[in-house]
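The values are calculated or read from the model by the stated rules, or taken from the named source; none is laboratory data. Because the structure is a prediction, the values reported are computed rather than measured. Cβ atoms come from the backbone with ideal geometry, glycine included; neighbour counts cover every protein chain shown.
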Amino acid sequence: MTDKTLDCSDLDRIMGVPIQPARMREPFANTDIRRWVQAMHYPNRIHYDPDFAAESRFGRMVAPQSFPVSMDDAHGTGPSCIGCIPNSHLVFGGDEWWFEGPRVFAGDMLHNHRVPFDYVVKDTKFAGPTCFQRGDNYYYNQDGDLIAKQRSTSIRYRPDLAREMSNLEEDDRTEDPVWADAELMQLEEQKFEWIKMLHDLGHGKRFWDDVNVGDQLPARIIGPHSIASFTTEWRSYLFTLWCGVKRRTDLDIEALGFVGDMAGKEQDPVLELENPEMTDGAYIGPSRGHLFPRYARQIGMPRGYGYGASMGAWILDYLSGWAGEWGEIVHSNCSYRGPAFTGDITVMNGEIVDKMIDDEGRHLVQVKFKMVNQLGVTSATALSEIMLPKK
């Protein structure tokens, strides 16, 4: 009989103990912001068109609220992937964000103070005993201003049990769905409807007074996803570039419990100077499961799959785009139910479920969010509070 235990005993010693902070080498440039929004499929001109941005309330290009995580060396999951769980792998399980008000611009330098928070082990249909581990990220700028707090959830599990329980040999999900040319053209038209919403709002204000409980937010579509689109997303994170960030010296993939093809020396600061090819997560180590179907199947995934941190950015960008430049997400609690696979599309929808004025006098709307694929399978949900201007 297969041993189906998951040893999480090492985690207790590191809860609440800060790990090495994430630090940038050089300040952000406008090109970093452009690269990010293009990779996240977010065509909001205030983030990439300097002429349009100059006429905005900011007077220049501003980064989207999803942007701080791009500076981190682990997509924000660093403090939720700490401690050894033998023979394990990791996927993202969700993020909760609290935004403090300051925004990010070219010239800013961010650092991330990271603290493991807690964990719990549950039995899942995906991989049997599964560890849901959380860690906190505090993103500060060069002036010491807190930009945002992110509580990241990682899902750590045994890939051998995931393979056994998924029965991939008999799974028709190993092949990408096929889209006809007419279907692809229709998707592009549907995508443009959401982009036109951004254009129509422009520099205008979406007033709290003009929206109501029950209002449906416009649908947003991304995809079909591909190895190429996932690779574009991957390269928008600073840590995926050679010497793109100051590397951690306390990161040992094998010591975390990753085994076999998923171990390796991804982000090793010493090997990066000798042979950076061997430290690039697109090709070596646990991250390559996203871009190579053969490695995806080793960890219980049917084919290439997207990044949880990118999924989180899609959610924040969807909400921010609707709110406009005068609005702001103040809190968002996102739960990831399953990844985006190659060949799939992602469809986002939201509904206003509450209107309120908080203790600080801010006028807020609460939005219930859902993300599904073309078959209606849920990949993420969220409940978010957005501040809107008052007439």
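Some points to look at:
- Taking the conditions (1) among the basic types (K, R); (2) touching a residue at least 40 places away in the same chain (Cβ under 8 Å); (3) surrounded by fewer than 21 Cβ atoms within 10 Å (Cβ to Cβ) in turn, R114 satisfies each one other than (3).
- Which listed residue, of D250, D280, is in contact with a strand residue (DSSP E or B) (Cβ under 6 Å, 6 or more places away or on another chain), charged (D, E, K, R) and farther than 21 Å from R158 by Cβ: D250
- From the list W179, W208, the lone residue that is within 26 Å of A282 (Cβ to Cβ), in contact (Cβ under 8 Å) with a residue 12 or more places away in the chain and among the hydrophobic types (A, V, I, L, M, F, W, C) is W179.
- Verdict on A29 being farther than 22 Å from G327 by Cβ and in contact with a strand residue (DSSP E or B) (Cβ under 9 Å, 6 or more places away or on another chain): no
- Number of positions in the range 222-250 that are outside any loop (DSSP other than H, G, I, E, B) and touching an Asp or Glu at 6+ places or on another chain (Cβ under 9 Å): 5
- Hits in the range 132-165 (condition: farther than 25 Å from R297 by Cα, touching a residue at least 24 places away in the same chain (Cβ under 8 Å) and not in a strand (DSSP E or B)): N141, Q142, D145
- Exactly one residue out of D95, D123 is surrounded by fewer than 16 Cβ atoms within 10 Å (Cβ to Cβ) and under 26 Å from Y157 (Cα atoms), and it is D123.
- Residue in the range 198-205 that is within 30 Å of G343 (Cβ to Cβ), surrounded by 14 or more Cβ atoms within 10 Å (Cβ to Cβ), touching a helix residue (DSSP H, G or I) at 6+ places or on another chain (Cβ under 7 Å) and at pLDDT 95 or above present: yes
- Number of positions in the range 288-323 that are more than 14 Å from the chain's Cα centre (by Cα), under 22 Å from S226 (Cβ atoms) and polar (S, T, N, Q): 1
- Entry remark, the range 337-358: residues being more than 13 Å from Y318 (Cα to Cα) and either in contact with a Gly (Cβ under 9 Å, 6 or more places away or on another chain) or modelled with pLDDT under 95 (or both) number 11 in total.
- Residue check for V91: among the β-branched types (V, I, T), under 21 Å from E233 (Cα atoms) and assigned to a strand (DSSP E or B): yes
- Residue that is nearest to the chain's Cα centre (by Cα), among those in the range 24-65 that are surrounded by fewer than 19 Cβ atoms within 10 Å (Cβ to Cβ) and either at pLDDT below 95 or among the polar types (S, T, N, Q) (or both): Q38
- Considering each residue of the range 168-178 in turn, none proves to be part of a helix (DSSP H, G or I), loosely packed, with under 13 Cβ neighbours inside 10 Å and of a type in the set (K, R).
- Sub-6 Å Cβ pairs linking a first residue in the range 366-380 that is without any contact (Cβ under 8 Å) to a residue 40 or more places away in the chain to a second residue that is of a type in the set (D, E) and surrounded by 15 or more Cβ atoms within 10 Å (Cβ to Cβ), at least 6 apart or interchain, are Q366/E385; N373/D344, ordered by first then second residue.
- Residues in the range 365-379 that are crowded, with 20+ Cβ neighbours inside 10 Å and within 24 Å of E100 (Cα to Cα): V365, V367, F369.
- Taken over the range 254-290, residues that are in contact (Cβ under 8 Å) with a residue 12 or more places away in the chain and of a type in the set (S, T, Y) amount to 2.
- Among residues of the range 324-354 being over 19 Å from the mean Cα position of the chain (by Cα) and surrounded by fewer than 16 Cβ atoms within 10 Å (Cβ to Cβ), the one that is nearest to H290 (Cα to Cα) is E351.
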